[in-house]
Amino acid sequence: MRVGAGESKSQFWQRMVTLMLALTLMMPVLFMGLPDFKTAHAETKPLAAPVVVIPVHHTVENGLYNFLERAFREAEEMNALHIVLDINTFGGRIDSAQEIGQLIKNSPVPTIAYIRGKAISAGSYIALNAEQIAMEPGSSIGAAAIVDITGNEIEDTKAISTWSGLMKGAAEMRGRNSQIAEAMVDKNVGVTMPEIGRIVPKGEIVTLTSQEALKVGYAETIAASLDEVVKFIGGENHPLITMELTVAERIARFVTEPWVATLLLLIGIAGVAVEIFVPGFGLPGILGVLGFGLYFFGHYIAGFAGAEDIALFVAGIILLFLEIFVSSFGILGILGALCLFSGVVLSAYNKQMAAWSLGIAFVLAVVIVVIVIRIFRHRGVWNRFILSEKLTAEEGYVSASSRKELLGQTGHALTPLRPAGTAVFGEERVDVVTSGDFIPAGRTVKVVQVDGSRIVVKEMKE
């Protein structure tokens, strides 16, 4: 910068100092109006951040947890804006629901449960763990009493106390009335809900409709569609991604169902046993291998079975095969059965349930195998070790040539017959026997009986 015309150096430097002082005084004012870029970035995610929808349908079981674990992990990797749990279930396994609830609580991505239809039993626990709950008109939540496999309520006080404690904890964590959650599990609690003018007496289990849940604080909004849920969480301008089960996960969820696992074990045991004891068909053996293969494949994909469990099972099959052809006084058979049993049980999530499934499958398989063996017993493997053919003359089997042509002929004893000896008929020497009499050499004899190679003679009196 040069000094202007008519301006002295002292005036120039005076003007520069004044300008610098003015800029210094204005700096705070200028930056006060600017946004905090760090804060703005932390509070607002880019529009590319998706809203991830994860379906929680059908039965709550082991395979569902593994699917949700993958879905939550991928949502976090995508830096998702929100996770929407699309819930419609009548419940299922409590232990699986507990693991899923822990997964939701630990998620760094915000969660909202959208109940479409039913969130019953274990489904209600999953919903209560989400940060927010949205419900479709006509949907319901609750009825979380513990039931057995036949649908009858369990009266085990310890089990009820544990489950109601989990439900209360989930409700308290999200600022909801915990007594309502407890009354969803334990019919001996009872609860008063003045917000809806309803009293649930002892002896009844609580179930809330969508409107009731909204009024008592068990839902934040009622949404007629998924789009309304997305709008409620402020994600209408963000991409919507729905997570789907892979083919392997679908198989795993289906196979790990207790009744399916029992059926596969039945097919496996019966198929292999029939192929061993009544060989030649091929189809039972193929079905048996497929049954065991699907059982272990599903449990492996679900994360329950390891390579060592499968190896243990294969070793059991090999030992059982060896027992059939190698004499081991039952040692190989016992070891094989133990390996097979251990492989099946250790590969399952619930060891007790797996043991029951294996026991039921084994009993039914024995019945099937016995029936098949009775029908096809002529093809049994034991026929390889038993001589079943009859060596009859009608079949052409003879032990020696028959001398029927000698019957009635006469000759003389060449040696004394006591009672066996040798006689001559014409020019032929023949071994003969008497009926027990002694005949000296040189006496005349007559053939009275021929039985194969046994020729019976009698002395001819002169």
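The values are calculated or read from the model by the stated rules, or taken from the named source; none is laboratory data. Computed from a predicted model, the values in this text were never measured in an experiment. Virtual Cβ from ideal backbone geometry, glycine too; neighbours counted across all protein chains shown.
Here's the yes/no breakdown for (1) over 22 Å from G235 (Cα atoms); (2) touching a helix residue (DSSP H, G or I) at 6+ places or on another chain (Cβ under 8 Å):
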| site | (1), (2) |
| --- | --- |
| I94 | yes, yes |
| R116 | no, no |
| A119 | yes, yes |
| A145 | yes, yes |
| N152 | yes, no |
| W163 | yes, yes |
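Residues in the range 152-167: is at least one within 21 Å of I104 (Cα to Cα), touching a Ser or Thr at 6+ places or on another chain (Cβ under 7 Å) and part of a helix (DSSP H, G or I)?
No, the range 152-167 has no match at all.
Suppose we keep only residues that are touching a residue at least 60 places away in the same chain (Cβ under 8 Å) and acidic (D, E) within the range 60-94. Which one would you say is farthest from M243 (Cα to Cα)?
Ranking the candidates gives E61 first.
In the range 116-146, how many are at pLDDT 95 or above and assigned to a strand (DSSP E or B)?
Selection size over the range 116-146: 4.
From the list F277, F281, exactly one residue is surrounded by 17 or more Cβ atoms within 10 Å (Cβ to Cβ), modelled with pLDDT under 75 and more than 14 Å from G63 (Cβ to Cβ). Which is it? Write out each step before concluding.
Values: F281 fails: surrounded by 17 or more Cβ atoms within 10 Å (Cβ to Cβ).
After ruling out the rest, the residue left standing is F277.
On the basis of being under 39 Å from the mean Cα position of the chain (by Cα), part of a strand (DSSP E or B) and either surrounded by fewer than 16 Cβ atoms within 10 Å (Cβ to Cβ) or not small (G, A, S) (or both), does L214 make the cut? Can you show your working first?
Values: under 39 Å from the mean Cα position of the chain (by Cα): yes; part of a strand (DSSP E or B): no; either surrounded by fewer than 16 Cβ atoms within 10 Å (Cβ to Cβ) or not small (G, A, S) (or both): yes.
No.
Residue check, F313 against (1) in contact (Cβ under 8 Å) with a residue 40 or more places away in the chain; (2) assigned to a helix (DSSP H, G or I); (3) not acidic (D, E), all met but one. Which one?
(1)
Take the conditions at pLDDT 85 or above, within 24 Å of F67 (Cα to Cα), crowded, with 18+ Cβ neighbours inside 10 Å and in the same structural domain as A355 (by TED's automatic domain parsing) and apply them to L226. Does it pass?
No: the conditions fail for L226.
Has the range 282-290 got any residue that is over 30 Å from R374 (Cβ atoms), of a type outside the set (D, E) and in a helix (DSSP H, G or I)? Walk me through it before giving the result.
Step one: list which residues in the range 282-290 are over 30 Å from R374 (Cβ atoms), which gives none.
Checking the range 282-290: not a single residue is over 30 Å from R374 (Cβ atoms), of a type outside the set (D, E) and in a helix (DSSP H, G or I).
Taking the range 118-176 as the region of interest, how many residues are among the hydrophobic types (A, V, I, L, M, F, W, C), over 19 Å from K202 (Cα atoms) and exposed (fewer than 13 other Cβ atoms within 10 Å of the Cβ)?
Residues meeting the conditions: 1.
Tally up the residues in the range 416-430 that are surrounded by 17 or more Cβ atoms within 10 Å (Cβ to Cβ) and either more than 13 Å from K458 (Cα to Cα) or touching a residue at least 60 places away in the same chain (Cβ under 8 Å) (or both), please.
Going through the range 416-430 one residue at a time, the tally reaches 2.
Filter the range 245-274 down to the residues that are among the charged types (D, E, K, R) and in contact (Cβ under 8 Å) with a residue 60 or more places away in the chain, then identify the one that is surrounded by the most Cβ atoms within 10 Å (Cβ to Cβ).
R253
Could you please find all residues in the range 87-110 being crowded, with 19+ Cβ neighbours inside 10 Å and either part of a strand (DSSP E or B) or touching a Pro at 6+ places or on another chain (Cβ under 6 Å) (or both)?
Result: I87, T89, G91, G92.
Can you pull out the residues in the range 434-456 that are surrounded by 14 or more Cβ atoms within 10 Å (Cβ to Cβ) and either in contact with a Leu (Cβ under 7 Å, 6 or more places away or on another chain) or assigned to a loop (DSSP other than H, G, I, E, B) (or both)?
Once the filter is applied, which keeps residues that are surrounded by 14 or more Cβ atoms within 10 Å (Cβ to Cβ) and either in contact with a Leu (Cβ under 7 Å, 6 or more places away or on another chain) or assigned to a loop (DSSP other than H, G, I, E, B) (or both), the range 434-456 yields T434, I439, R443, V447, V450, I455.
Out of all the residues in the range 223-234, is one or more touching a His at 6+ places or on another chain (Cβ under 9 Å) and in a loop (DSSP other than H, G, I, E, B)?
Scanning the range 223-234, I find at least one residue that is touching a His at 6+ places or on another chain (Cβ under 9 Å) and in a loop (DSSP other than H, G, I, E, B), so the answer is yes.
Please state which of the following conditions N350 fails to meet, knowing it meets all the rest: (1) at pLDDT below 80; (2) of a type outside the set (V, I, T); (3) over 30 Å from G288 (Cα atoms).
All conditions are met except number (3).
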